[in-house]
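Asker: Please find one structure pasted underneath; my questions will follow.
Readers should treat all values here as calculations from the given coordinates under stated rules, not as data from a laboratory. Note that this is a predicted model, so its numbers are computed, not measured. Glycine gets a Cβ as well: all are built from the backbone with ideal geometry, and neighbour counts include every protein chain shown.
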Amino acid sequence: MLKIDNLHVAVGGNEIIKGLTLKVPKGEVHAIMGPNGSGKSTLSYTVAGRDGYDASEGSVMLNGENILEMDPDERAAKGLFLSFQHPMEIPGVQTMNFIRTALNAQRKARGEDEMSAAEFLKTVREKARHVGLDDAKIKRQFNVGFSGGEKKRMEMLQMAMFEPRFAIMDETDSGLDIDALKMVGEVVNTLRGPERGFLVITHYQRLLDYIRPDKVHVLAGGQIVKSGGPDLALELEKSGYEQFIKAA
C-alpha cells in the first residue's frame with residue numbers, strides 16, 4: 001500500500017526528514033507519534049505533495065507507483081487523502097459545490113462516471129448527518145465561520161465522500177472534544193477495510209482509544225526510532241518522548 005524508503009526532506013535549508021523508512025500494508029492502520037519538531041507534519045506534507053516539501057532522496061510508493069513524481073491532484077486521483085491539522089477557509093466557495101467538484105474531478109481522472117447532482121445531494125446529506133453537520137452547515141461557504149471542531153467534522157465528511165484508498169490524518173484530534181473524537185473514530189472505523197490504509201499522526205494516545213492501530217511508530221529527529229503494537233502508545237503516554245529525543 002504505502003512504502004516509504006530512505007526519505008530525506010529539507011525545508012528552508014534545514015533537513016527535517018532524515019532517511020525515514022516506513023511501510024503500511026493494505027488493510028492496516030498505523031499511528032505515528034512524536035514530539036514537536038520531529039517531522040510529523042513535514043512527512044504528511046511531503047507525501048501529499050505540498051509546495052516547498054520536496055524530497056532530496058528516497059521514494060514514496062503508493063500501490064507500486066512513486067507518487068513523488070506526481071502533482072498533488074494526481075496523487076489525490078490515485079486515492080491519497082490528507083486531513084489537515086488546521087483546515088483552511090475558502091470564502092466565496094459554497095461547500096457542496098466544492099466537495100462535488102473535487103469528487104467528480106477525481107472520478108473523472110480515474111475514468112469513472114461522475115456522480116449526478118441528485119445522487120450527490122442524497123449522499124452528502126446522509127454522510128453530513130453522520131459526522132454531525134446539518135444542512136445549514138453544508139450550504140455555507142467552505143469552512144467560513146466554522147469552529148475548529150466543525151472544520152474537522154467537515155474534513156471527515158470529505159473523507160467519507162471521497163472514500164480514499166489511503167488516508168493520512170495529520171493531528172486531526174487537535175482541539176477536539178470527546179464527542180468529536182468519537183465521531184472521527186466512527187468515520188475511520190467505518191472506512192476500514194482490506195483495500196484501504198490509514199496513517200494517523202498524533203501527539204496523544206486519546207484518539208487511539210477510538211481508532212485502534214495495528215502498529216505504532218515513534219518519530220524523533222526525522223527518523224522512525226521505535227515501532228510496536230498498540231500498547232506502545234500507552235507507554236508513551238506514561239513515559240513521554242524524552243528517551244527517544246536523546247536517542248535521536
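Asker: Let me spell out the model: positive unit charges on the Cβ of Lys and Arg, negative unit charges on the Cβ of Asp and Glu, origin at the Cα centre of segment 53-200. What dipole size does that give, in debye rounded to 20?
Answerer: Here segment 53-200 has a charge dipole of around 600 debye.
Asker: Sticking with this one: With θ taken as phi - 60° and the coefficients 6.51, -1.76 and 1.60, list the Karplus ³J(HN,Hα) couplings across segment 72-78 in order, rounded to whole Hz; mark glycine and proline as x.
Answerer: Computed from phi, the couplings for segment 72-78 are x, 5, 5, 5, 5, 5, 6 Hz.
Asker: Determine the dipole magnitude for the chain: charges of +1 sit on the beta-carbon of Lys and Arg, -1 on that of Asp and Glu, nothing else is charged, the reference point is the Cα centre, and the result goes in debye to the nearest 20.
Answerer: With only Lys, Arg, Asp and Glu charged at Cβ, the dipole is about 360 debye.
Asker: Quick one: net charge of residue 16's neighbours, Cβ under 12 Å, K/R +1, D/E -1?
Answerer: 0
Asker: Quick one: among 60, 47, 11, which has the greatest mean-square fluctuation in a GNM of the chain with alpha-carbon springs under 10 angstrom?
Answerer: Of the options given, 11 has the highest mean-square fluctuation.
Asker: What does the C-alpha gyration tensor say about the overall shape of segment 95-199? Classify as rounded when a/c is under 1.5, otherwise prolate if a/b is larger than b/c, or oblate.
Answerer: Cα axes put segment 95-199 in the oblate bin.
Asker: Among residues other than residue 146 whose Cβ falls under 11 Å from its Cβ, what is the net charge (Lys/Arg +1, Asp/Glu -1)?
Answerer: Net local charge, residue 146 excluded: +2.
Asker: Taking the C-alpha atoms of the chain, how large are the radius of gyration and the largest Cα-Cα span, Dmax, in Å?
Answerer: Taking only Cα atoms of the chain, I get Rg and Dmax of 17.8, 56 Å.
Asker: Restricting to bridges with both residues inside the chain, how much of the DSSP beta-bridge set is antiparallel, in percent to the nearest 5?
Answerer: Expressed as a percentage, antiparallel bridges in the chain total about 55.
Asker: Which of the lysines could a cross-linker bridge to residue 3, judged by Cα under 19 Å and excluding same-chain residues fewer than eight apart?
Answerer: 18, 23, 26, 40, 78, 215, 226
Asker: Moving to a separate point now. Please report the relative contact order for the chain, taking Cα pairs under 8 Å with a sequence separation of at least 6, and give it as a percent rounded to a whole number.
Answerer: Normalised by residue count, the contact order of the chain is 28 percent.
Asker: Here's a follow-up. Just how far, in whole angstrom, is segment 132-165 from segment 89-115 if you go by their alpha carbon centroids?
Answerer: 14 Å
Asker: Another question, if that's okay. Just to confirm the filter: which trypsin sites (Lys or Arg not before Pro) across segment 149-188 are DSSP coil and have at most 14 other Cβ within 10 angstrom of their Cβ?
Answerer: Hits after loop and neighbour filter: nothing returned.
Asker: Work from the charge dipole of segment 126-219 (Cβ charges, +1 for Lys and Arg, -1 for Asp and Glu, about the Cα centre) and give the residue of 219, 133, 174 farthest towards its positive end.
Answerer: Working it through, the farthest residue towards the positive pole turns out to be 133.
Asker: Please report, in debye to the nearest 20, how large the charge dipole of segment 25-132 is about its Cα centre when each Lys and Arg carries +1 at its beta carbon and each Asp and Glu carries -1 there.
Answerer: 540 debye
Asker: Can you check what the net charge comes to around residue 56, using other residues whose Cβ is under 13 Å from the Cβ of residue 56 (Lys, Arg +1; Asp, Glu -1)?
Answerer: Cβ neighbours under 13 Å give a net charge of -2.
Asker: On to the next question. Taking a cut-off of 16 Å between Cα atoms, list the lysines near residue 182, but don't count ones fewer than 8 places away on the same chain.
Answerer: Within the straight-line cut-off, residue 182 pairs with 127, 151, 152.
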